[in-house]
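*Asks:* After the structure tokens below, expect a handful of questions from me.
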Amino acid sequence: MKRNYVNWKSVQGLCGAVLLLVLAAGCGGCNISGAERNPSVKDNALVIMTWNVHNLFDGVEDGTEYDEYRESAGWTIEKYRGRLNVIAKAISEMERRPDIIGLQEIESAHVVIDLAAVLSAHGYRWTHFSKIPDMALGVGLLSRFPLSETKSHSVYVNGDIAPRPMLEAHIDAEDVSLALFVCHWKSKLGGDDATESVRRASARIILRRIRELMETDPHLPVIIMGDLNENHDEFYRRSGAIISALLPDDPRAAEFTGLYGLDGNNPETAVLIRELQKDFIILSKNKPPSARYFPDGVLTLYSPWSNELEDGSYYYRNNWETIDHFLLSTQLFEKTGWYFDTCKVVNIPPFANERGFPVGYNPRTGSGLSDHLPLLLFLKMHIF
């Protein structure tokens, strides 16, 4: 069955007065009908989840699906519904359900709305989805709190568009705003070095947007979340031989980029520093994030993989990888609103087996969840 348009009757009442175009960016700040206007947080904590759910296709064939998710391979609406229910059950039974969920590898806005409907008891009444036309998968967001400033950023490299966009949304929780970026950067299929330029192009957009937000709202906390297909220690794993989209605060990395030894307090070098750091993000172990070996003026974010998180979120060729991320701006450590508490890998059943490894989904048998483990970010509210 081909889908060339949206049946408005099936969407009306779920998405307010927003018409969902299948090949458009999706439902920006979609408010599910009947939403409470002032949802409250639990235990003075805000919990955010990021999860690559691994090829969550709906049951309607568009022609962009992977082979194993076509009708000819036995994929059906019933299998889709079954998988949706299993995912919803896993989220529902978490010890602390997330308030906000960022998802990667989602086929359509319909999937995000369907998942929110199955989870209706938990109040995910605002959704957002973004996808590049004619591509198989996109990224989605479910929230118990209102969304605003919803945007979709396409990534271009040498005139070609990357397969997935980045979703931006602002969350208003307890009258305090957060800026979220839900990402799924280019995989390494085709070679680590050959694909690095696409991930660096994605980092370029993040850097540009954070700098823009710092100018318009310098107190706004920013959270980068999602599958970046890059380890937090990527520079070391590749023997320091290439500038990766995520770089450590390391003297070798600083020297490699040409930033080592520059005087960040000299106004004449400020433009040069920004130009040299145009497409890579510096990761810091410090709270708040700060760079020791890079000059003042570089944009530095905190990675929980440096301290709170262990092992990895993805197991590949008998090795853990840390490709799923939360990257946090300085404002999340100032304790003037929402501030960083901790971060966890969800490495327990049903997300993981008894050894803590992800339980990948098998479309033939319908077993498993995803080959990625979710991450949970815990924020606390500063009480004045």
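*Asks:* Checking the conditions here, which among Ser148, Ser152 is in contact (Cβ under 8 Å) with a residue 60 or more places away in the chain, among the polar types (S, T, N, Q) and over 23 Å from Leu375 (Cα atoms)?
*Replies:* On the way: Ser152 fails: over 23 Å from Leu375 (Cα atoms).
Of Ser148, Ser152, the one residue that is in contact (Cβ under 8 Å) with a residue 60 or more places away in the chain, among the polar types (S, T, N, Q) and over 23 Å from Leu375 (Cα atoms) is Ser148.
*Asks:* For Gly297, state whether it is open to solvent by 10 Å² or more (accessible area, probe 1.4 Å) and either in a loop (DSSP other than H, G, I, E, B) or touching a helix residue (DSSP H, G or I) at 6+ places or on another chain (Cβ under 9 Å) (or both).
*Replies:* Numbers: open to solvent by 10 Å² or more (accessible area, probe 1.4 Å): yes; either in a loop (DSSP other than H, G, I, E, B) or touching a helix residue (DSSP H, G or I) at 6+ places or on another chain (Cβ under 9 Å) (or both): yes.
It is true that Gly297 is open to solvent by 10 Å² or more (accessible area, probe 1.4 Å) and either in a loop (DSSP other than H, G, I, E, B) or touching a helix residue (DSSP H, G or I) at 6+ places or on another chain (Cβ under 9 Å) (or both).
*Asks:* Let me ask something else. Filter the range 340-384 for residues that are assigned to a strand (DSSP E or B) and among the basic types (Lys, Arg); which is nearest to Tyr315 (Cα to Cα)? Even if it seems obvious, please write down each step before you answer.
*Replies:* Restricting attention to the range 340-384, the residues satisfying the condition of being assigned to a strand (DSSP E or B) are 340-345, 352, 358, 362, 367, 372, 375-381.
Within this subset, residues satisfying the condition of being among the basic types (Lys, Arg) are 344, 380.
On the way: Lys344: 16, Lys380: 30 Å.
In this case the residue turns out to be Lys344.
*Asks:* Hey, any hits in the range 231-243 for a residue that's β-branched (Val, Ile, Thr) and at pLDDT below 95? It would help to see each step written out before you state the result.
*Replies:* Pass one, the range 231-243, residues β-branched (Val, Ile, Thr): 242-243.
Remaining after also requiring at pLDDT below 95: 242.
Checked the range 231-243: at least one residue is β-branched (Val, Ile, Thr) and at pLDDT below 95.
*Asks:* Give just the number: which of (1) within 21 Å of the chain's Cα centre (by Cα); (2) assigned to a loop (DSSP other than H, G, I, E, B); (3) crowded, with 19+ Cβ neighbours inside 10 Å does Ile206 not satisfy?
*Replies:* Condition (2) is where Ile206 drops out.
*Asks:* Another question, then. What single numbered condition from (1) under 17 Å from the mean Cα position of the chain (by Cα); (2) at negative phi fails to hold for Asp114?
*Replies:* (1)
*Asks:* Would you say Ala291 is open to solvent by less than 50 Å² (accessible area, probe 1.4 Å), not charged (D, E, K, R) and not in a helix (DSSP H, G or I)? Walk me through how you get there before you give the answer.
*Replies:* Values: open to solvent by less than 50 Å² (accessible area, probe 1.4 Å): yes; not charged (D, E, K, R): yes; not in a helix (DSSP H, G or I): yes.
When the stated conditions are applied, Ala291 passes them.
*Asks:* Among the residues of the range 61-77, is there at least one that is open to solvent by less than 70 Å² (accessible area, probe 1.4 Å), assigned to a helix (DSSP H, G or I), touching a strand residue (DSSP E or B) at 6+ places or on another chain (Cβ under 7 Å) and modelled with pLDDT of 90 or more?
*Replies:* From the range 61-77, those open to solvent by less than 70 Å² (accessible area, probe 1.4 Å) are 61-65, 69-70, 73-76; that's our starting set.
Checking the rest, the ones that are also assigned to a helix (DSSP H, G or I) come to 69, 73.
From what's left, touching a strand residue (DSSP E or B) at 6+ places or on another chain (Cβ under 7 Å): 69.
Still in the running and modelled with pLDDT of 90 or more: 69.
Yes, there is a match, as at least one residue in the range 61-77 is open to solvent by less than 70 Å² (accessible area, probe 1.4 Å), assigned to a helix (DSSP H, G or I), touching a strand residue (DSSP E or B) at 6+ places or on another chain (Cβ under 7 Å) and modelled with pLDDT of 90 or more.
*Asks:* Somewhere in the range 110-133, is a residue among the hydrophobic types (A, V, I, L, M, F, W, C), in contact with a Lys or Arg (Cβ under 8 Å, 6 or more places away or on another chain) and surrounded by 21 or more Cβ atoms within 10 Å (Cβ to Cβ)?
*Replies:* Going residue by residue through the range 110-133, those that are among the hydrophobic types (A, V, I, L, M, F, W, C) are 111-113, 115-119, 121, 126, 129, 132.
Now restrict to residues that are in contact with a Lys or Arg (Cβ under 8 Å, 6 or more places away or on another chain): 116, 126, 132.
Add one more test, that the residue is surrounded by 21 or more Cβ atoms within 10 Å (Cβ to Cβ), and what stays is 116, 126.
Yes, because at least one residue in the range 110-133 is among the hydrophobic types (A, V, I, L, M, F, W, C), in contact with a Lys or Arg (Cβ under 8 Å, 6 or more places away or on another chain) and surrounded by 21 or more Cβ atoms within 10 Å (Cβ to Cβ).
*Asks:* For the range 264-288, give me each residue that is within 24 Å of His325 (Cα to Cα) and among the hydroxyl-bearing types (Ser, Thr, Tyr).
*Replies:* Ser284
*Asks:* Out of the residues in the range 318-333 that are more than 19 Å from Arg355 (Cα to Cα) and outside any helix (DSSP H, G or I), state the one that is farthest from the chain's Cα centre (by Cα).
*Replies:* First, pick out the residues of the range 318-333 that are more than 19 Å from Arg355 (Cα to Cα): 323-333.
Those left that are additionally outside any helix (DSSP H, G or I): 323-329.
Values: Ile323: 11, Asp324: 8, His325: 7, Phe326: 8, Leu327: 10, Leu328: 12, Ser329: 15 Å.
Step by step, filter the range 318-333, then rank; the result is Ser329.
*Asks:* Could you list, in sequence order, the residues of the range 264-276 that are open to solvent by less than 80 Å² (accessible area, probe 1.4 Å) and not in a helix (DSSP H, G or I)?
*Replies:* Gly264, Asn266
*Asks:* Okay, moving on. So is Tyr315 more than 24 Å from the chain's Cα centre (by Cα) and either modelled with pLDDT of 95 or more or buried (at least 17 other Cβ atoms within 10 Å of the Cβ) (or both) or not? Spell out how you get there, then give the answer.
*Replies:* Numbers: more than 24 Å from the chain's Cα centre (by Cα): no; either modelled with pLDDT of 95 or more or buried (at least 17 other Cβ atoms within 10 Å of the Cβ) (or both): yes.
In short, no.
*Asks:* Looking at the range 102-136 only, could you name the residues that are farther than 19 Å from Leu376 by Cα and out of contact with any Leu (no Cβ under 8 Å at 6 or more places or on another chain)?
*Replies:* Ser108, Ser120, Ala121, Arg125, Ile132, Met135, Ala136 - these are the residues of the range 102-136 that are farther than 19 Å from Leu376 by Cα and out of contact with any Leu (no Cβ under 8 Å at 6 or more places or on another chain).
*Asks:* Would a scan of the range 88-108 turn up a residue that is at positive phi and either touching a Pro at 6+ places or on another chain (Cβ under 8 Å) or surrounded by fewer than 21 Cβ atoms within 10 Å (Cβ to Cβ) (or both)? Give the steps one after another, and end with the answer.
*Replies:* Restricting attention to the range 88-108, the residues satisfying the condition of being at positive phi are 105.
Filter once more, keeping what is either touching a Pro at 6+ places or on another chain (Cβ under 8 Å) or surrounded by fewer than 21 Cβ atoms within 10 Å (Cβ to Cβ) (or both): none.
Checking the range 88-108: not a single residue is at positive phi and either touching a Pro at 6+ places or on another chain (Cβ under 8 Å) or surrounded by fewer than 21 Cβ atoms within 10 Å (Cβ to Cβ) (or both).
*Asks:* Which members of the range 337-351 meet the condition of being open to solvent by 10 Å² or more (accessible area, probe 1.4 Å) and under 15 Å from Tyr302 (Cα atoms)?
*Replies:* Within the range 337-351, Tyr339, Phe340, Asp341, Thr342, Lys344 meet the criteria.
*Asks:* Which pairs do you get when a residue that is basic (Lys, Arg), found in the range 189-215, comes within reach of a residue that is surrounded by fewer than 18 Cβ atoms within 10 Å (Cβ to Cβ) and assigned to a helix (DSSP H, G or I), reach meaning Cβ atoms under 9 angstrom, with the pair 6+ apart or on two chains?
*Replies:* The qualifying pairs are Arg211/Arg274.
*Asks:* Looking only at the range 30-57, how many residues end up being open to solvent by less than 30 Å² (accessible area, probe 1.4 Å) and either in a strand (DSSP E or B) or at pLDDT 95 or above (or both)?
*Replies:* 13
*Asks:* I'd like the full set of residues that are surrounded by 14 or more Cβ atoms within 10 Å (Cβ to Cβ) and more than 28 Å from Thr322 (Cβ to Cβ), limited to the range 237-263.
*Replies:* Initial filter on the range 237-263 (surrounded by 14 or more Cβ atoms within 10 Å (Cβ to Cβ)): 237-238, 240, 243-250, 252-254, 256-260, 262.
Answer for the range 237-263, where residues must be surrounded by 14 or more Cβ atoms within 10 Å (Cβ to Cβ) and more than 28 Å from Thr322 (Cβ to Cβ): just Leu262.
The values are calculated or read from the model by the stated rules, or taken from the named source; none is laboratory data. On a predicted model such as this, the values are computed, not experimentally measured, just so you know. FYI the Cβ positions are ideal-geometry reconstructions off the backbone, even for glycines, and counts take in every protein chain you see. Just the protein is used for accessible areas: all its heavy atoms, side chains included, with ligands, DNA and RNA removed. Shrake-Rupley method; radii C 1.70, N 1.55, O 1.52, S 1.80 Å.
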